[in-house]
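Every number in this text was worked out from the coordinates using simple rules, so none of it is lab data. In this text, all values refer to a predicted model and were calculated from it rather than measured experimentally. Methodologically, a virtual Cβ is constructed for each residue, glycine included, from the backbone with ideal geometry; neighbour enumeration extends over all protein chains shown.
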Amino acid sequence: MSTEEQREGIRLNKFIANAGVCSRREADKLIEAGLIKIDGKVVKEMGYKVQYGERVEYKGELLSTEKKVYILLNKPKDFLTTVSDDRGRKTVMDLVKNAAKERLYPVGRLDRNTTGVLLMTNDGELAQRLAHPSYNIKKVYHAVLDKKLSHEDFLKLQQPIELEDGTITLDDIDYVEGEGKTHIGVEIHSGKNRIVRRIFEHFNYEVVRLDRVMFAGFTKKDIPRGKYRFLTEKELIPFRKKDKKGKPKSGNNKKRKKK
């Protein structure tokens, strides 16, 4: 807690969000459901202010408003984007285990064979905001296909695409400059599982390599594969600002005009 919060208290839903459990809105639901205890007693009061020294529990676990940590990882191939794996396979947690004492979580997902930008943090509220589809967070991928992308299919990919789980529209697509026509740049907002691979599979192309080069405006510039760096508070400022609907005014959710 800040000095002011120690003196005046911090709203319970904010305390829960700061502890990395979930967003404030979801915290309100936990409070209403009687799932939060303070000093051993259930508290359902929405405006309750947690005082310094009070013990807040959720599912028997003591919550802590620890320092928030934000790490940008350049994920290598063959690492799972999970906190743990019951089969003992490598996860992204192995790459950041010495980065901070706080328990970090990956924001969004990259499948095992996809490389590139991955944000990891213990800030539950920011993680929810960046992962939720309503915020239209921009993602840019460099896909390498098993064969040249034809002009006909290139044009089709600029139109809405009907997949088994709904319609997907790419925000932008282009051939990667200086590479052959098997190298394709894709801009998309959807966070659906394996979405870039499935889009190309729909047109009978196999993605042999997939690299996320940008996520929410963050790039892997100067971060070697398998390494990470800490984000600065200045880099996080756009995600602190909110519009009247509570959404971040980052400029990262603007769609680019198709070429």
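Structural remarks
- Sequentially through region 47-58, phi angles give Karplus couplings (6.51, -1.76, 1.60; θ = phi - 60°) of x, 4, 10, 6, 8, 4, x, 6, 9, 9, 10, 9 Hz, Gly and Pro residues having no value and appearing as x.
- Potential extension, Asp165-Glu61 segment - 0.36 nm per residue separation minus Cα distance: 33.8 nm
- Calculated [222 nm] ellipticity per residue, helices only, for the chain: -5500 deg cm²/dmol; basis is -39500 (n - 2.57) per DSSP H run with n ≥ 4, divided by all residues, nearest 500.
- Value of Rg to Rh for the chain (Rh from inverse mean 1/r over Cα pairs, i.e. Kirkwood): 1.03
- Given 16 as the ceiling on other Cβ atoms within 10 Å, longest exposed-site-free region of the chain for chymotrypsin sites (Phe, Trp or Tyr not before Pro) in DSSP loops: 53-202
- Neighbour counts of other Cβ atoms within 10 Å put Lys220, Lys181, Lys234 in the fewest-to-most order Lys234, Lys181, Lys220.
- Exceeding the 24 Å Cα-Cα cut-off - candidates Lys75/Lys139; Lys77/Lys147; Lys67/Lys139; Lys14/Lys97; Lys139/Lys221: Lys67/Lys139; Lys14/Lys97
- Linear extension gain, Lys192 paired with Arg209, 0.36 nm per residue minus alpha-carbon span: 4.3 nm
- Nonlocal amide H pairs with Tyr105, under 5 Å, H built at 1.01 Å: Thr121, Asn122
- Amide H contacts of Gly116 (H built 1.01 Å from N, in plane; Pro and chain starts excluded): Lys75, Arg212 sit under 5 Å, all sequence-distant by 5 or more or on other chains.
- Each of Thr232, Thr169 has some number of other Cβ atoms within 10 Å of its Cβ, and from fewest to most they run Thr232, Thr169.
- Other-chain or far-sequence residues with amide H under 5 Å of Leu163's (modelled H): Ile168
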